[in-house]
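Right, one structure below, let's go through it.
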Amino acid sequence: MSEEKSWREIPMGGLTWLHSVEYKTGEWRSFRPVVDHDKCTRCMQCVIYCPDIAIKYKPDVNMIEIILDHCKGCGVCAEECPVHAITMVKEKE
Ligand code: SF4
Ligand code: SF4
């Protein structure tokens, strides 16, 4: 059995110094979420579940919006949408 290392012995990991509003990470994405606004019931599940806080609700137009500068294409929103209003589409290469 290997001996456990202390935190001082573990190699330093990557760290972003700015929150994601200032640090655009969307270019990592290979798939992008596309919303069918006719199917969307504005339930906000995708807003809650997005790990990058890349979905916001726009009350002026009563729609959700994916912020592609920050969306990493993980697909969690598409998985969690109860009415399957989000489809993951491959980014153009
Ligand atoms: S694909 Fe992932 S990062 Fe992008 S909006 Fe959906 S949950 Fe958020
Ligand atoms: S989870 Fe689906 S139905 Fe709910 S707000 Fe998001 S896209 Fe619309």
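Of all residues in the range 25-51, those that are in contact with an Asp or Glu (Cβ under 7 Å, 6 or more places away or on another chain) and surrounded by 13 or more Cβ atoms within 10 Å (Cβ to Cβ) total 7. The listed residues are Ala54, Ala85, and the only one of them that is small (Gly, Ala, Ser), crowded, with 18+ Cβ neighbours inside 10 Å, more than 11 Å from ligand 1 (Cβ to nearest atom) and within 15 Å of Val35 (Cβ to Cβ) turns out to be Ala85.
Residue by residue through the range 51-74, note down the ones that are within 15 Å of the chain's Cα centre (by Cα), of a type outside the set (Gly, Ala, Ser) and part of a loop (DSSP other than H, G, I, E, B). Write out each step before concluding.
Going through the range 51-74, the residues within 15 Å of the chain's Cα centre (by Cα) turn out to be 51-57, 64-74.
From the residues that got through so far, the ones that are of a type outside the set (Gly, Ala, Ser) too are 51-53, 55-57, 64-72, 74.
If the condition is that a residue be within 15 Å of the chain's Cα centre (by Cα), of a type outside the set (Gly, Ala, Ser) and part of a loop (DSSP other than H, G, I, E, B), then Pro51, Asp52, Ile53, Ile67, Leu68, Asp69, His70, Cys71, Lys72, Cys74 are the ones that fit.
Here Val34 clears all of (1) touching a Ser or Thr at 6+ places or on another chain (Cβ under 7 Å); (2) not in a strand (DSSP E or B) except the condition numbered (2).
Residues that are part of a loop (DSSP other than H, G, I, E, B) and modelled with pLDDT of 95 or more within the range 75-93 comprise Gly75, Cys81, Pro82, Val83, His84, Ala85, listed in sequence order.
The values are calculated or read from the model by the stated rules, or taken from the named source; none is laboratory data. Treat the numbers as computed from the prediction; the structure is a model and nothing was measured. Every residue, glycine among them, receives a Cβ derived from its backbone with ideal geometry; neighbour counts consider all protein chains shown.
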